[in-house]
Amino acid sequence: MFPYPEQYRQAVPPIITGFMVIWALLSRLLFGDSSNIAFYPLFILFPIIALLHAQLIWQAKGMEKLDQSVYAFIHLSLSFVVWTFSLMHVNGSGFS
């Protein structure tokens, strides 16, 4: 069906991370500070990224499991930072 299905599966977690940034920027403009509508998708997206990485590790064969594990560790570390700052951006001045 797709010419390169493995590359598409590996690209989904970074694409979701990019969507997380776009959602944080747009939702703050649309809904204002500390909107529940803006928070709920962000709370769901990071666990989805972690589950997708677990699926990539599970489906890998042989030494590719190590490659996928390193990819997951690096991307989840960076994605966690992006997720944290997205939550902070959506919150705005809600804590003060």
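For region 21-40, a tally of residues being closer than 14 Å to residue 91 by Cα, open to solvent by 40 Å² or more (accessible area, probe 1.4 Å) and free of Cβ contacts under 8 Å to residues at least 60 places away in the same chain returns 7.
What residue, of 92, 62, is at positive phi, in contact with an Asp or Glu (Cβ under 6 Å, 6 or more places away or on another chain) and of a type outside the set (S, T, N, Q)? Before the answer, list the steps.
On the way: 62 fails: in contact with an Asp or Glu (Cβ under 6 Å, 6 or more places away or on another chain).
Result: 92 is the single residue among 92, 62 that is at positive phi, in contact with an Asp or Glu (Cβ under 6 Å, 6 or more places away or on another chain) and of a type outside the set (S, T, N, Q).
When residue 20 is tested against (1) of a type in the set (A, V, I, L, M); (2) more than 15 Å from residue 82 (Cβ to Cβ); (3) touching a Phe, Trp or Tyr at 6+ places or on another chain (Cβ under 8 Å), only condition (2) is not met.
I'd like to check something: does region 67-86 contain any residue that is in a helix (DSSP H, G or I) and among the charged types (D, E, K, R)?
Taking every residue of region 67-86 in turn, at least one turns out to be in a helix (DSSP H, G or I) and among the charged types (D, E, K, R).
The values are calculated or read from the model by the stated rules, or taken from the named source; none is laboratory data. All values reported here derive from a predicted model rather than from experimental measurement. Virtual Cβ from ideal backbone geometry, glycine too; neighbours counted across all protein chains shown. Areas reflect the complete protein model, heavy atoms only, side chains present, ligands, DNA and RNA absent. Shrake-Rupley method; radii C 1.70, N 1.55, O 1.52, S 1.80 Å.
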